[in-house]
1. Find out how many positive minus negative residues lie around Leu268, taking Lys and Arg as positive, Asp and Glu as negative, among other residues whose Cβ is under 14 Å from that of Leu268.
2. Could you list Asp47, Asp110, Asp19, Asp281 in order of exposure, starting from the residue whose Cβ has the fewest other Cβ atoms within 10 Å?
3. When only C-alpha pairs under 8 Å and at least 6 residues apart count, what is the relative contact order of the stretch 120-171, in percent?
4. Below 8 Å, C-alpha to C-alpha, sequence gap of six or more: please give me the relative contact order for the chain in percent.
5. I need to check one value: relative contact order of the stretch 54-151, counting alpha carbon pairs closer than 8 Å and at least 6 residues apart, in percent.
6. Enter the angle in degrees (range 0 to 90, nearest 10) between the Cα long axis of helix 150-163 and the first principal axis of the Cα atoms of the chain, meaning the one along which they spread out most.
7. Would you mind ranking Phe65, Phe230 by Cβ crowding within 10 Å, fewest neighbours first?
8. Add +1 for every Lys or Arg and -1 for every Asp or Glu among the other residues with Cβ under 14 Å from the Cβ of Thr167, and state the total.
Amino acid sequence: MAPQVLAALRPTPSGRYVDCTVGGGGHAAAILKASAPGGWLFGCDRDGAALEAASVRLAEFAGRFELKRGNYSEMIEWLAPESCDGVLLDAGVSSPQVDWPERGFSFQQDGPLDMRMDRRQAMTAAQLVNETSVDELARIFREFGEEPEARRLARAIETERRLRRFTTTRQLAELVEKTAPRRGRRMHPATRIFQALRIAVNDELRFLRLGLEAALKILKPGGRLAVVTFHSLEVREVKEFGRRHALDYSVPGSVDVPELRQPAVADLAWVSRKAIRPGEDELKVNPRARSAQLRVMEKI
Ligand SMILES: C[S@@+](CC[C@H](N)C(=O)[O-])C[C@H]1O[C@@H](n2cnc3c(N)ncnc32)[C@H](O)[C@@H]1O
């Protein structure tokens, strides 16, 4: 999505940019290159391994960037309000997180049932699967995985874990496959369950909500926010955030009763509410990008 992200952020040599999810540094490098010779970038990630990779990748831009390990929801503590020209938030997991079996994100390869983006965090997927009540597991599978068999799977996990604790990705994937067989579907039955657990372990949707609010605070008026999402739950958060901030009225409570609306000043405008998708060329080299959707907003 680098060409689309650059078109959205329009980097200039006097600009200050933030990559909330620096990962391996691919987008950050593109922004630094496009804003040469004077553009500056602040890159953050909660994954220590990602930051190590990014610092190698970005070495050629030494002096023009700063990296920070932490959660992007805390951005406002590191950067002054209204100090940045563009913010990129590329949500979700990175390829190394998925490809490295030790991280435990993938059911395609066996590994410890971990799924923590920040390995300093105490709670792992194994802990969640072994210690969470059936009701809570079912809620996680339903809300974060949109899994129709949520309760049946949660019950099957509870029965199994009385015999032996879940420790590996394969053990869980096999139980899911046994309980909710594929029945001709192309998608592996564990796909939704692994997505749900990953979102729960990393509290992804709550941090996305907080991160978007923080990004808006650090942007200068006229600054751009580019958000890349990979599934419908993230899309919903971004659209709701954009909708709320683009409104020129506020309502008391959670229900929008037109008679009770109070005038308010919108602090954001959509540049592209419609999803911008990766080009065919990118999909050829990076098929994982097929579900990526970029949306762009501008601070007023
Ligand atoms: C899709 S990858 C980003 C890839 C990156 N744009 C690149 O060019 O390599 C998403 C990254 O966001 C990080 N991440 C996810 N949620 C985060 C959060 N709340 N705070 C900080 N980093 C987060 C993940 O650890 C992961 O490295």
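1. Numbers: positive: Lys217, Lys220, Arg224, Lys239, Arg243, Arg244, Arg273, Arg295, Lys299; negative: Glu82, Glu213, Glu240, Asp248, Asp267, Glu298.
My count for the surroundings of Leu268 gives +3.
2. Values: Asp47 23, Asp110 13, Asp19 32, Asp281 9.
Ranking Asp47, Asp110, Asp19, Asp281 by Cβ neighbours within 10 Å, fewest first, gives Asp281, Asp110, Asp47, Asp19.
3. Working: 28 pairs, mean separation 20.8, N = 52.
The value is 40 percent.
4. Working: 550 pairs, mean separation 55.6, N = 300.
In percent, rounded to a whole number, it is 19.
5. Values: 55 pairs, mean separation 10.3, N = 98.
The normalised contact order for the stretch 54-151 reaches 11 percent.
6. So the inclination is approximately 60 degrees.
7. Details: Phe65 23, Phe230 18.
With the fewest neighbours first, Phe65, Phe230 line up as Phe230, Phe65.
8. Working: positive: Arg161, Arg164, Arg165, Arg170; negative: Glu102, Asp110, Asp114, Glu131, Glu160, Glu174.
Around Thr167, the charge tally is -2.
Each value in this text was obtained by applying a stated rule to the coordinates, not by laboratory testing. Computed from a predicted model, the values in this text were never measured in an experiment. Neighbour counts are summed over all protein chains in view; Cβ atoms, including those assigned to glycine, are modelled from backbone coordinates with ideal geometry.
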